[in-house]
Structure formats: structure tokens, C-alpha cells
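Trainee: Would you mind keeping the following structure in view while I ask a few things?
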């Protein structure tokens, strides 16, 4: 008898990008579905700009963190931050890259460009999405987390959660719009 | 108590709601990661519960202790290192006991996500003879804090409730218990028990040991044996979550002793769990607290069993499923394929001072002022707060940062052993937390040092909790303590360089301490108070020479370099604070847009 894990998801990004909120959106959707979920957050420091990640585990799980090589999906709200969590990937892991490379606030350190990260990830299943295009269309820079959730939803990362459970947890029209926009981009991607 | 429906809660919220279900009447704490949300939640949801942010953990514990002396149900919360500050009161509380309940939450931080050490506070239980209860997830935290209050109330003894980052900062579904009416105290006195002069202390010591015997019995029922088999795994606190999952994944048959009380371990239940067992594995995070006690128990009872623990699990950092699976695999002789960490070259991305952070300007001003004063050798004696980031380049202005309030005492020592005049850098909340005795010492012992207080009006690092600086003027405090040279400045104002230089000149001339206070609110606090569109910085490309000062030496995250080295404003990050305007030697940066309502809170 093994533990029934339904989803092991890691979201990496930069403090201030709304990762904790993204984690709350997933937990609320799971709450609606009556699913057990554990989201481990690193929000020790209130400052912006540092590397932040969350471990999301859905299913009959106990441990709060995902084992190495154990992630079904890794989302990087910034490409270098997806790379940081690569130890959790295996050859089946879906890696979603936001086409964004941000330099750290340390002098003289150059981040890897999206293409460079992609090259390093050549042995993995990688899908790219440009969240900034979505947020610019909506005119609200805060919606990138609902956009990437919609995109992942469109790629069937969350088969255990219904669309309505996600939508009901979204605060405000812009988040709903960006969720659907992300989902449509994913559907287009699958079709092509 | 009626069980309400499940809600998704942060572990710390689960602890707070558990305290409310226990009838907590008085709660006090000092913010510190990962403990801060407990008091915040009680403040938000505790009807008729007195909750406060105290000036430090010692005062918080004393507040709860005093309330429990009066018979109230009291809670004190702190991060693990905060307990060192509160330890004096903690030790005495074990001697006197209490009349109500006294539960002390210690939020430990294995792996040091935001702490200077990963000290295992279960040692305090052994040290002070105070029982330690530790949960393994938010649900058990919610239920066990109720047991902690019950145990404290029935034995009239303090109880340590130990949580960790991976419980406090995990969101999970929790079945909530209903709140109980808050229990406050009744005014009464008992100096024969609570005034610890030697005669009373000696009497209390005997009573403390008697209570400890009772506690040993009481904790039996808080622990459980699960499953059977000839191999026993003893798992304490969060280790249980990892053990449970690893055992099921490996499909091995194990008897598990699930411990909620690592101090003291339940002797009877542990001996019972050892029956028909050939080997024991103890899984616990950090130090061998349970292991030491189990080994003692085995020796005392002539049990002949092989015990393994730290030799397989290791002593450092948070447990992971990989570590626990590998240890259990070895214990059961199951071969485990070891996954190695993938080594990719990833850039460092430490936390940074936010756009608009006044500390950035203070660090720049301080450096310029010391250069202007002709100071060559200087020691930056740092402290704990957002400004600890000053340890990083380009600032490099935290030569040591040891513990809360340590900047002043360490600076004194540096001066006494080298004769080099140091600069002590301390935040407003830290100043009131443990900086005051160090400042008094500098006056009392005439230490030539410059003290730079970074007053951003809140306890910023832990989420902008209220700081005493809102109500008490640091300048007046410094004056009152006998500091002869005190000045305040706005770090966004260019004249601040001169203010700091003058103070340093004065220290060198007079051989006494001087205090300069950089007063400007935390940018996140301001953003919370403003209403309307923010102004924004603009770079005049014709004036910008690509000198790199604004992004490589000032390092505001909202200023980024263009391929031609000229500066560009990141519109997503810029808040229009204007701190960069005086930094540009070519006057290429200006601020556009109206100041929104509430903008004056920068200088509140």
C-alpha cells in the first residue's frame, strides 16, 4: 500500500510575484473539492526580491515537502527560479516556464536568458508561456498567478479540480479573465 | 466542544484557533519568523481576549506568566531564539508553577530559513523541567495546543508548545474546534510561592520535582502506538509525517510510537512499544532529545535492544522525505535508489531591500559620511532586521550580526579590544527589544561609538507589526539615557550625509557615544496606507551617462540596466518614492505624477 499522491507541484519565483496568493488559490479550490492539500510556504522575510517557492501536495499525503525527483509539475514564474528547483524534477515532470528573466538585486550578476534556461532543460518536458502578454492585455500586472494557473489547468495539471472550483476562488473579474486567457493559450498550444 | 467544518488554515492560524478553543484569556508575543501569525490571528479573532505585541519575548513571557499567576489561561509566543531572551522567566516559571495555564509557543526554524541558528528548543524542556508538546501538522497543532492548556491547567505548571517552520507555515485543511470563553484571572497573592528568595526557591524546587513526577504520568496519554512488527520506529513531532509516508511508500511492516511529548517521553508507553521488538529507530528533527531519553530508559530497565537514531537520520537541517526514506530503508534492509540533487548553476537571489526602502538610502549615506569624515577603519556592528541585508554587496555594512540588540554590546567590545571607533546599526523595534541596555552601557562606560538607529516606524521584517517607535520618540529616549549628541534626519534627504558626518566628528572629538536616527517609514507600510496612483521615476536618456551608480551601487530593484548601460525604470516595481533622485550625479532621474492620498505616511 503506498500513499495516494494526486499531485506534487512546485512553484518557484521571486518575492512580490504573488506566489503565496497563488498557493492560496490552489488550497481554496481544493477546499471546494474536499481534497486534502498541503502547501508549504517560505515567507520568512517580508522583503521583496528574494527567491521564493511553495510545495503543493494534493492527495492522501503527510509530509509537507516533496522528495527530490518527485514533482509532477514545476512552475517558474521566472525562468531562473524554475531552474533552481530542478532537483525535484524527473523525466516526466512538466516544467512550465514564464518567459521572464529578472536580474537579482546584487551588482554585476547576470541572470540566464529564457533561451539559455531552455537549453539547459533540453532533456525535460518544458512548456513556455508569456504571462506578461496576458497581464498587459488585461491591464493588471497582478494577475500573472491566475494566468499561470489557467495555463496549467489547460494543460491538465489539475485533473482533480473542476474549473468552477478554481473560478469561484478567484477574487475579481481580472483574475477570472486571465485564468481563461491562460487556459485558452494552453488549449491552442495542445492543438498545435 | 462542537466540531465545525474543515477550513484551510496556516499552521500558525490553527495554533491560534486552538488557543481560542482552550479559552486563552491573555496572549503576548514578540514577532519572529515563523511565529508571528499566531498573535496576529488571536488579535483578529479573539473576542475579549487580551492580546499584545510586547517589546520583547521576555516581557511577553512575563506578561503571560503574571496572568497565569492570577489563574488566567495565558499564552506567550516567540521564535526559538526569542526563548533565549525569555529564558530567565521561563526557568523561574518551572519553580513556582502557575495557578491557571501558561503555554509558551516556541516556533523553531530548522534549516534556518530566517534565523541565526537552528537551536532545538526541546532542550529547554529538559533544562527547565517543563513538558514539551510538539505537533506534526496543522490539524494536530490545533488539537495539541488544547492539550497543552489542559495539561498546564491540571498540573499547574508551564508547558512548552514547540512548532517548526514546516508546521507553522504550511496550509492544510483543519477541523476547527469552537472557541471557549476566555479565562482571565482572579486577583490574589501568594508571595510564599512566587517571590523566589532562597527560602521560597528551595521549597519550590521540591514542589517542582513533585510536579515533574506527575507530569511524567500525565504525558502517557498524549502518545500513541500504531501498527505492529518487530521493528519499532519512534517518531516525534513532524518526524511522524515523514515516517508515516515513508513507511507506507516502502510497504514495510513497522510498529510506530508516535510521540507528541518528546519531553518527557512516556516511559510506560515506550517500554510497552519495545515489547517483542528487535530493533529501534528514532526519527526526530535536529538534536537527539528523544534518543537520549530512550537510551537512558533502556539502561535503567536492562532492555537489550539496538537503538539507532541520529546515526542514520543526521542532526542538521529539516527532515526530508528522502532522508527519512533512506534511514528507514537501511533500518529494514530495503535497497533504496538514491536520488542526487541535480547541480545546475543558478544565480544567487537573496532577499533584497524593497523599492523605496529607507535603509538603502541610510546605508549609502553612512558610507559617504564616513568617507567625508576621513574615517578609514570602521567596524559596522550590525543587528537583526531587514537591514541585515546590508551584509550583502554593494553595502557590506554589517560586519557582524549576532542576535537581537547585539550591535551595541559587540561594538563596545570591538572598541575596547582595538581602539577603533565602531558604528552600531540597529532598527527601531530591535532598539526597544534589547538595544536599551547596550545604549545605557555605552553612556555609563563612555564608549566612543556612533549609533545609527534605522527607524522605519514598524517591525518590518516579520510583516509590519506595530513598533514602540510609533509611541515613543527614540531621540527623547537617547537624550533621557544621557546621550549628549542626538540628531534625527530623513534618509531620503541629501543633507543626511552631513548629519552623520557631524555626529562621527563629535564622537571622535569627545570620546563619547552619539546617536543618529534615520526616520522614514517602511515602504510596504506606506504602500498599505496610500490611496490612488503612485508617482513614478523617469530617466532622461540624454542626461544618463550609463555610470551604473543607480543600479549597481544604489541597487534599487526598480532600476534596471539597458544593453547600452543606461538606466531604465521598471514600471512594475517603481513606487515613485524619489530616493534615487539625489543619487544620480547627472540629475537624470525625476519623479512624474501627483502624490497620492496618504503619501505623507512616509514621514509619519
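The values are calculated or read from the model by the stated rules, or taken from the named source; none is laboratory data. What you see is a predicted model, and the numbers here were worked out from it, not measured in a lab. When we count neighbours, we look across all protein chains shown, and the Cβ atoms used for this are built from the backbone with ideal geometry, even at glycine.
Trainee: I'd like to know if the range B:7-25 contains one or more residues that are in contact (Cβ under 8 Å) with a residue 12 or more places away in the chain, surrounded by fewer than 24 Cβ atoms within 10 Å (Cβ to Cβ), more than 14 Å from chain A (Cβ to nearest Cβ) and in a strand (DSSP E or B).
Mentor: Looking for residues that are in contact (Cβ under 8 Å) with a residue 12 or more places away in the chain, surrounded by fewer than 24 Cβ atoms within 10 Å (Cβ to Cβ), more than 14 Å from chain A (Cβ to nearest Cβ) and in a strand (DSSP E or B), one finds none in the range B:7-25, hence no.
Residue by residue, here is whether (1) surrounded by fewer than 24 Cβ atoms within 10 Å (Cβ to Cβ); (2) at pLDDT 95 or above; (3) in contact with a strand residue (DSSP E or B) (Cβ under 7 Å, 6 or more places away or on another chain); (4) part of a loop (DSSP other than H, G, I, E, B) holds:
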site	(1), (2), (3), (4)
B:356	no, yes, no, yes
B:365	no, yes, no, no
B:370	yes, yes, no, no
B:407	no, yes, yes, no
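Trainee: Another question about this same structure. State which residue is nearest to the other protein chains (Cβ to nearest Cβ) when the search covers only the range A:112-157 and only residues that are touching a helix residue (DSSP H, G or I) at 6+ places or on another chain (Cβ under 6 Å), part of a loop (DSSP other than H, G, I, E, B) and modelled with pLDDT of 95 or more.
Mentor: A:112
Trainee: Assess whether residue B:528 counts as being touching a residue at least 12 places away in the same chain (Cβ under 8 Å), out of contact with any helix residue (DSSP H, G or I) (no Cβ under 8 Å at 6 or more places or on another chain) and farther than 27 Å from residue B:372 by Cα. Steps first, answer last, please.
Mentor: Working: touching a residue at least 12 places away in the same chain (Cβ under 8 Å): yes; out of contact with any helix residue (DSSP H, G or I) (no Cβ under 8 Å at 6 or more places or on another chain): yes; farther than 27 Å from residue B:372 by Cα: yes.
When the stated conditions are applied, residue B:528 passes them.
Trainee: Then there's this: Residue check, residue A:58 against (1) more than 30 Å from residue B:388 (Cβ to Cβ); (2) not in a strand (DSSP E or B), all met but one. Which one?
Mentor: (2)
Trainee: Hey, does the range B:373-396 have a residue that's under 23 Å from residue B:79 (Cβ atoms), under 24 Å from the mean Cα position of the chain (by Cα), away from chain A (no Cβ under 14 Å) and assigned to a loop (DSSP other than H, G, I, E, B)? Quick ask: steps written out before the conclusion?
Mentor: Step one: of the range B:373-396, the residues under 23 Å from residue B:79 (Cβ atoms) are B:381-392.
Now drop any that are not under 24 Å from the mean Cα position of the chain (by Cα), which leaves B:381-392.
Narrowing further to those that are away from chain A (no Cβ under 14 Å): B:381-383.
So of that shortlist, the ones also assigned to a loop (DSSP other than H, G, I, E, B) come out as B:382-383.
Within the range B:373-396, one or more residues are under 23 Å from residue B:79 (Cβ atoms), under 24 Å from the mean Cα position of the chain (by Cα), away from chain A (no Cβ under 14 Å) and assigned to a loop (DSSP other than H, G, I, E, B).
Trainee: Quick check on the range A:6-23: of everything there that is assigned to a helix (DSSP H, G or I) and more than 7 Å from chain B (Cβ to nearest Cβ), which residue is nearest to residue A:160 (Cα to Cα)? Please lay out each step first, then the result.
Mentor: Of the residues in the range A:6-23, the ones assigned to a helix (DSSP H, G or I) are A:19-23.
Imposing the further condition that a residue be more than 7 Å from chain B (Cβ to nearest Cβ) reduces the set to A:19-22.
Details: A:19: 21, A:20: 21, A:21: 20, A:22: 17 Å.
Top of the filtered list is A:22.
Trainee: State the number of residues belonging to the range B:292-324 that are within 14 Å of chain A (Cβ to nearest Cβ) and on the phi > 0 side of the Ramachandran plot.
Mentor: To start, the set of residues in the range B:292-324 that are within 14 Å of chain A (Cβ to nearest Cβ) comprises B:317-324.
Subsequent filtering for residues that are on the phi > 0 side of the Ramachandran plot retains B:317.
Residues flagged as within 14 Å of chain A (Cβ to nearest Cβ) and on the phi > 0 side of the Ramachandran plot within the range B:292-324 amount to 1.
Trainee: Oh, and also: Which is assigned to a loop (DSSP other than H, G, I, E, B) and either surrounded by fewer than 21 Cβ atoms within 10 Å (Cβ to Cβ) or in contact with a strand residue (DSSP E or B) (Cβ under 6 Å, 6 or more places away or on another chain) (or both), of A:101, A:40, A:28, A:87?
Mentor: Numbers: A:40 fails: assigned to a loop (DSSP other than H, G, I, E, B); A:28 fails: assigned to a loop (DSSP other than H, G, I, E, B); A:87 fails: assigned to a loop (DSSP other than H, G, I, E, B).
A:101 is the lone residue from the list that is assigned to a loop (DSSP other than H, G, I, E, B) and either surrounded by fewer than 21 Cβ atoms within 10 Å (Cβ to Cβ) or in contact with a strand residue (DSSP E or B) (Cβ under 6 Å, 6 or more places away or on another chain) (or both).
Trainee: Can you name every residue in the range B:524-535 that is within 14 Å of chain A (Cβ to nearest Cβ) and either within 21 Å of residue A:104 (Cβ to Cβ) or surrounded by fewer than 16 Cβ atoms within 10 Å (Cβ to Cβ) (or both)?
Mentor: Passing the criteria: B:524, B:528, B:533.
Trainee: Could you check residue B:187 against (1) closer than 30 Å to residue B:107 by Cα; (2) in contact (Cβ under 8 Å) with a residue 12 or more places away in the chain and say which number it fails?
Mentor: Single failed check for residue B:187: (1).
For (1) at positive phi; (2) loosely packed, with under 13 Cβ neighbours inside 10 Å; (3) within 14 Å of chain A (Cβ to nearest Cβ); (4) in contact (Cβ under 8 Å) with a residue 12 or more places away in the chain, each residue gets a yes or a no:
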residue: B:191; (1), (2), (3), (4): no, yes, no, no
residue: B:249; (1), (2), (3), (4): no, no, yes, yes
residue: B:258; (1), (2), (3), (4): no, no, yes, yes
residue: B:265; (1), (2), (3), (4): no, no, no, yes
residue: B:273; (1), (2), (3), (4): no, no, no, yes
residue: B:276; (1), (2), (3), (4): yes, yes, no, yes
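Trainee: While we're on this one: Wholly within the range B:221-311, which helices (runs of 4 or more DSSP H) include no fewer than the required count, namely at least 3 residues that are over 29 Å from residue A:4 (Cβ atoms)? It would help to see each step written out before you state the result.
Mentor: Working: elements: B:239-250, B:267-274, B:289-300.
The helices (runs of 4 or more DSSP H) meeting that bar are B:267-274, B:289-300.
Trainee: What is the one condition in (1) without any contact (Cβ under 8 Å) to a residue 40 or more places away in the chain; (2) touching a helix residue (DSSP H, G or I) at 6+ places or on another chain (Cβ under 8 Å); (3) under 19 Å from residue B:368 (Cβ atoms); (4) surrounded by fewer than 17 Cβ atoms within 10 Å (Cβ to Cβ) that residue B:495 does not satisfy?
Mentor: Looking at each condition in turn, residue B:495 falls short on (2).
Trainee: Could you identify the single residue in B:168, B:180 that is closer than 18 Å to residue B:75 by Cα and out of contact with any strand residue (DSSP E or B) (no Cβ under 7 Å at 6 or more places or on another chain)? Walk me through how you get there before you give the answer.
Mentor: Values: B:168 fails: out of contact with any strand residue (DSSP E or B) (no Cβ under 7 Å at 6 or more places or on another chain).
Within the list B:168, B:180, the selection yields B:180.
Trainee: With respect to residue B:42, determine if the residue is more than 16 Å from the chain's Cα centre (by Cα) and modelled with pLDDT of 95 or more. Break it down into steps so the answer makes sense when it comes.
Mentor: On the way: more than 16 Å from the chain's Cα centre (by Cα): yes; modelled with pLDDT of 95 or more: yes.
Against the criterion (more than 16 Å from the chain's Cα centre (by Cα) and modelled with pLDDT of 95 or more), residue B:42 qualifies.
Trainee: I would also like to ask the following. Please work out which residue is surrounded by the most Cβ atoms within 10 Å (Cβ to Cβ), limiting yourself to the range A:163-172 and to residues that are over 22 Å from residue A:95 (Cα atoms) and at pLDDT 95 or above.
Mentor: A:165
Trainee: Quick one: which of B:145, B:167 is assigned to a helix (DSSP H, G or I), within 14 Å of chain A (Cβ to nearest Cβ) and over 13 Å from the mean Cα position of the chain (by Cα)? Please lay out each step first, then the result.
Mentor: Working: B:145 fails: within 14 Å of chain A (Cβ to nearest Cβ).
Testing whether each residue is assigned to a helix (DSSP H, G or I), within 14 Å of chain A (Cβ to nearest Cβ) and over 13 Å from the mean Cα position of the chain (by Cα) leaves just B:167.
Trainee: Then there's this: Please note which helices (runs of 4 or more DSSP H) are completely contained in the range B:450-544 and include at least 2 residues that are at pLDDT below 95 and closer than 30 Å to residue B:596 by Cβ. Don't jump to the end; show me each part of the working.
Mentor: On the way: elements: B:474-480, B:496-510, B:523-529.
So the answer is B:523-529.
Trainee: Hey, another quick one. I'd like the residue in the range B:325-356 that is touching a residue at least 12 places away in the same chain (Cβ under 8 Å) and within 8 Å of another protein chain (Cβ to nearest Cβ) and, out of all such residues, is nearest to residue A:86 (Cα to Cα).
Mentor: Filtering the range B:325-356 for residues that are touching a residue at least 12 places away in the same chain (Cβ under 8 Å) and within 8 Å of another protein chain (Cβ to nearest Cβ), the one nearest to residue A:86 (Cα to Cα) comes out as B:339.
Trainee: Next up: Which condition number does residue B:315 fail, the rest of (1) under 37 Å from the mean Cα position of the chain (by Cα); (2) farther than 30 Å from residue A:90 by Cα being met?
Mentor: (2)
Trainee: Find the residue count for the range A:41-83, including only residues that are facing another protein chain (nearest Cβ under 7 Å), within 14 Å of the chain's Cα centre (by Cα) and modelled with pLDDT of 95 or more.
Mentor: 2
Trainee: Give the range B:539-584 a look and list any residue that's in contact with a helix residue (DSSP H, G or I) (Cβ under 9 Å, 6 or more places away or on another chain), touching a residue at least 60 places away in the same chain (Cβ under 8 Å), away from chain A (no Cβ under 11 Å) and crowded, with 21+ Cβ neighbours inside 10 Å, or say none.
Mentor: B:577, B:579
Trainee: Okay, moving on. Among the candidates B:98, B:81, B:49, which residue alone is in contact (Cβ under 8 Å) with a residue 24 or more places away in the chain and under 22 Å from the mean Cα position of the chain (by Cα)? Before you say what the answer is, go through the steps one by one.
Mentor: On the way: B:98 fails: under 22 Å from the mean Cα position of the chain (by Cα); B:49 fails: under 22 Å from the mean Cα position of the chain (by Cα).
When all the criteria are applied, what remains is B:81.
Trainee: Please go through the range B:232-247 and give me each residue that is away from chain A (no Cβ under 13 Å) and under 21 Å from residue B:316 (Cα atoms), ordered by number. Before the answer, list the steps.
Mentor: So in the range B:232-247, the residues away from chain A (no Cβ under 13 Å) come out as B:232-234, B:236.
Selection gives B:233, B:234, B:236.
Trainee: Quick one: is residue A:3 assigned to a loop (DSSP other than H, G, I, E, B), facing another protein chain (nearest Cβ under 7 Å) and more than 20 Å from residue A:102 (Cα to Cα)?
Mentor: So residue A:3 fits the description; yes.
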